[in-house]
């Protein structure tokens, strides 16, 4: 498992306490899980994603991510409609481990309230929550 | 007592080493309000020799000719199966959570899963459930999970106990349980299906409780036409040594009882819940799954896999609560299937069928009415004339059990008896039975 | 001590899969004599011949004999799986369960013909009621989890009969996964209950959460940390006061036979595991048996059929209108009941009590001798099992899984790992009473040696097991690319 200073946490993303990240992408946002989350889970074997068209509020569960011995729920950082899901993850769930911020993205949403992005944690805020839990 | 190795010296030495004065010290955390006020009132202890006598007298005499099936079948069990299944490395091991020292069980169950798939024409089978009844209940719950619909349709020709168990499982969640009637041919009447509101699954049993072979293909198509899953249940897997299998008919789930495959009847249990489905639904399947993989040196090995469906990880969101299943029975059935082989299965199935046909025709010649005209496998329903009950009792006293009366299960079938013939009955046995029951 | 003192490699054959062997024309079965004519079936009913390989008897015997040599059982060595109670499985019980009157009995035989079988079940019910301090018993559930489902259904039926439909049930954080899974199957939402910092439940925590919309509580006693739930009697009173019921998970009964009265504590429903406490074999994952014992008030709801005495004979009756129904195709795992019955008769009351006392002695002996070498989260008298963690070894990046795998190289089956969830990196050790002092001492020495290796030579643990038929297996691959049939 990685030490805190080994974690990759891009500056231009925002984070949640539940270890999701959000990034502006076109008119919407892309969402995935952080390097901390993938490191803690270990080898990811399956990702369950919602259907395109589903509309979910912030903090609602949108899917699950499984490693061999654990299941973790995935929660919406912002409210919105699912525009796209990363279909590559069905055959290659390991992308979440190897490239959690780029190839391992999970869903793309059209936000209901784009301002919600501002109230998410910055990189330093997120690091605080991890340090606190450790 | 020979199962308790500690001598007084052992106990004293152990207590001394850890600084305790008596075993009672360790129970200091048990409040007195929780303790027994008196010793346990139990018989024994019996010596091994007295135990043998006691059990011998309880087990009694078993010399009888039993022409009964109805979910439990008398088949010859090759001694080689009993001998191999009795090896203590199989018997005294537990669930293979540590795969490196459980490769025997794991490969054995992987082979079992594969043989079940081949027999039933399905894509994936689990490592066992408790019995055919709970397997049907789990299949219905799985269909409800997959489709999101809250209603199921189950044929009345499915084993009455299986329907009772399914109702018990489905009851608390308020799912609707619709029973479809059977018609005069002895098979399920699907005509009400078309006008039924959306439902999760249609479940039939074939051969059904009356021994009649159902038209699985038509049932499957009807279910799919209504966007429901088709569940094909069975109590006698040997039938698939000859009959078209559920997979060919398009079943989404095939489930039933595997006791016929090398497992003693044992007064109803332990049996074997066989459960098979499609790969696309595998993450909704209950029960354990053994998968193939490689070890650190690249050698083939087997492990329990997709465990995230199960209770120890998913807890209240698990696909089932099952933990201990019927693993040794599954292994036993694989041993039995290996003994038979595909050709042997076919030959034995035909023998069962033909013996049953022989008895059926002899009873007809003797003037008795066969209730249903549909083709049967090795069970069929006979109607005996009024007053047969006293004959039945007389035959029991002579150690012959000529079927079971159906009226307690199907009140409209008074005087009807379900008779089963397996390879264990000789022509002489059958001729003797006909002689006794002819009107 | 060196691991090679206890375990070595030997000649073990590789063995292919069944369908990689055999040849068309080989036979492994003695086909019975055909003494009737052929009555050909309608062609349209006939399917293709099943693709099951044809093997000779010798091939089958070698196949399964070789497979068995790759397994470790209780008969091989100590198997200290916490909460599984891997005690010795008496061989005479196997013989007696296979007596023709038992093994060859059809379940639907007229009751007159199977009085001995029914008597055995009736007496077993009485003995289990006596051992637990409860009033009535069903032997029908086929395993502990099915017993739990039965318990949940009983609770649901009980409340329904009083016009109530509580939606929640309290489940401690130390509970076995089958507990919340069984509750959910019954439409009840499990409400998590935190154990106190001493490792057992506090009255306050229960008082806080118990209300009239809560059906009751599911408690394992002793709990999965191996500790007696010291506040259980008061907790039962709190639950009862709000109209709830107390469900006891009796998986850990092996600690308390002859000592504790579950009925007196206030438990309303209790399941037992015959394949744990009552010595019936585990069979590589079953079959087991999970009888459920209840207080008189719940008796009307028990599953049918029930064994009754009518005119001095035993009979099976479905005449219980409030029953939750049937759980099993017939009466439960009768073959397993026979074994448990033999065990109880062989041990007698004093024997069972002594078994519990020695199980508890063995666990405390291990706990005291390993504490300090491994981190002990709860340093109090334990019952029949004790829980350690990998905290002391984690500093060197050695985890519980590595310790477990290295134990195999010493010839022991590992304890239960990563359960209960309340202890990070849990190692749950349950020796049972059938392990002798010498075997316990060897186990303790092995664990000490492994703790040393963790400091001096951690590679030995990381690469373990080295002596088994296979090295560590790629579970990730098995889950990512499932290959579930050949």
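If the condition is being more than 9 Å from chain C (Cβ to nearest Cβ) and either buried (at least 24 other Cβ atoms within 10 Å of the Cβ) or outside any helix (DSSP H, G or I) (or both), then the range B:221-237 contributes B:223, B:226, B:227, B:228, B:229, B:230, B:231, B:232, B:233, B:234, B:236, B:237. Residues considered: B:157, B:143, B:166. Of these, the only one that is crowded, with 24+ Cβ neighbours inside 10 Å, more than 8 Å from chain C (Cβ to nearest Cβ) and either under 17 Å from residue C:305 (Cβ atoms) or free of Cβ contacts under 8 Å to residues at least 40 places away in the same chain (or both) is B:166.
When residue C:126 is tested against (1) closer than 23 Å to residue C:192 by Cα; (2) out of contact with any helix residue (DSSP H, G or I) (no Cβ under 8 Å at 6 or more places or on another chain); (3) without any contact (Cβ under 8 Å) to a residue 12 or more places away in the chain, just one condition goes unmet, and that condition is (1). Of the helices (runs of 4 or more DSSP H) lying entirely inside the range B:103-209, the ones with 2 or more residues being assigned by TED's automatic domain parsing to the domain that holds residue B:237 and closer than 24 Å to residue B:242 by Cα are found at B:103-120, B:132-147. Please specify each residue of the range B:301-327 satisfying the condition of being more than 21 Å from the chain's Cα centre (by Cα) and touching a residue at least 40 places away in the same chain (Cβ under 8 Å). Passing the criteria: B:301, B:302, B:303, B:304. Within the range C:325-351, being farther than 26 Å from residue C:308 by Cα and surrounded by 24 or more Cβ atoms within 10 Å (Cβ to Cβ) holds for one residue alone: C:347. Could you list, in sequence order, the residues of the range B:411-439 that are in a loop (DSSP other than H, G, I, E, B) and touching a residue at least 24 places away in the same chain (Cβ under 8 Å)? Hits for the range B:411-439 are B:413, B:415, B:421, B:422, B:423, B:424, B:425, B:438, B:439. Looking only at the range C:43-63, which residues are within 30 Å of residue B:215 (Cβ to Cβ) and facing chain B (nearest Cβ under 7 Å)? If the condition is that a residue be within 30 Å of residue B:215 (Cβ to Cβ) and facing chain B (nearest Cβ under 7 Å), then C:45, C:46, C:47, C:49, C:50, C:51, C:52 are the ones that fit.
Quick check on my filter: what residues within the range C:158-174 are surrounded by 24 or more Cβ atoms within 10 Å (Cβ to Cβ) and over 17 Å from residue C:213 (Cβ atoms)? Selection gives C:172, C:174. Whether a residue is at pLDDT 95 or above, under 22 Å from the mean Cα position of the chain (by Cα) and not assigned by TED's automatic domain parsing to the domain that holds residue C:192 was assessed, and residue C:420 does not pass this test. Residues that are under 17 Å from residue A:9 (Cβ atoms) and in contact (Cβ under 8 Å) with a residue 24 or more places away in the chain within the range A:107-129 comprise A:117, A:120, A:121, A:122, A:123, A:125, A:126, A:127, A:129, listed in sequence order. If you go through the range B:74-90 and keep only what is surrounded by 21 or more Cβ atoms within 10 Å (Cβ to Cβ) and part of a helix (DSSP H, G or I), you end up with B:80, B:81, B:84, B:85, B:89, B:90.
If the condition is being within 16 Å of residue C:486 (Cβ to Cβ) and outside any loop (DSSP other than H, G, I, E, B), then the range C:19-51 contributes C:19, C:20. Only residues that are under 15 Å from residue B:241 (Cβ atoms) and out of contact with any helix residue (DSSP H, G or I) (no Cβ under 7 Å at 6 or more places or on another chain) were counted across the range C:41-75, and they come to 3. In the range C:406-486, counting only helices (runs of 4 or more DSSP H) that sit wholly within it, the ones holding 1 or more residues that are within 14 Å of chain A (Cβ to nearest Cβ) and surrounded by 23 or more Cβ atoms within 10 Å (Cβ to Cβ) span C:475-480. Scanning the range B:75-95 for residues that are touching a strand residue (DSSP E or B) at 6+ places or on another chain (Cβ under 9 Å) and more than 7 Å from chain C (Cβ to nearest Cβ) yields a total of 0. Of all the residues in the range C:371-391, those that are within 14 Å of residue C:200 (Cα to Cα) and either under 20 Å from the mean Cα position of the chain (by Cα) or within 13 Å of chain B (Cβ to nearest Cβ) (or both) number 8.
Among the residues of the range B:309-344, those identified as facing chain C (nearest Cβ under 8 Å), within 30 Å of residue C:421 (Cα to Cα) and assigned to a helix (DSSP H, G or I) are B:311, B:312, B:313, B:314, B:315, B:316, B:317, B:327, B:328. Among the residues examined, residue B:112 qualifies as more than 7 Å from chain C (Cβ to nearest Cβ), at negative phi and either within 22 Å of the chain's Cα centre (by Cα) or buried (at least 22 other Cβ atoms within 10 Å of the Cβ) (or both). Looking across the range C:392-402, the residues that are more than 12 Å from chain B (Cβ to nearest Cβ) and assigned to a helix (DSSP H, G or I) come down to C:392, C:393, C:394, C:400, C:402.
Scan the range C:240-256 residue by residue and report those that are touching a helix residue (DSSP H, G or I) at 6+ places or on another chain (Cβ under 9 Å) and buried (at least 24 other Cβ atoms within 10 Å of the Cβ). Residues satisfying the conditions are C:244, C:245, C:246, C:247, C:248, C:249, C:250, C:251, C:253, C:254, C:255, C:256.
The values are calculated or read from the model by the stated rules, or taken from the named source; none is laboratory data. Just so it is clear, the structure is predicted and the values come from calculations on it, not from any experiment. When we count neighbours, we look across all protein chains shown, and the Cβ atoms used for this are built from the backbone with ideal geometry, even at glycine.
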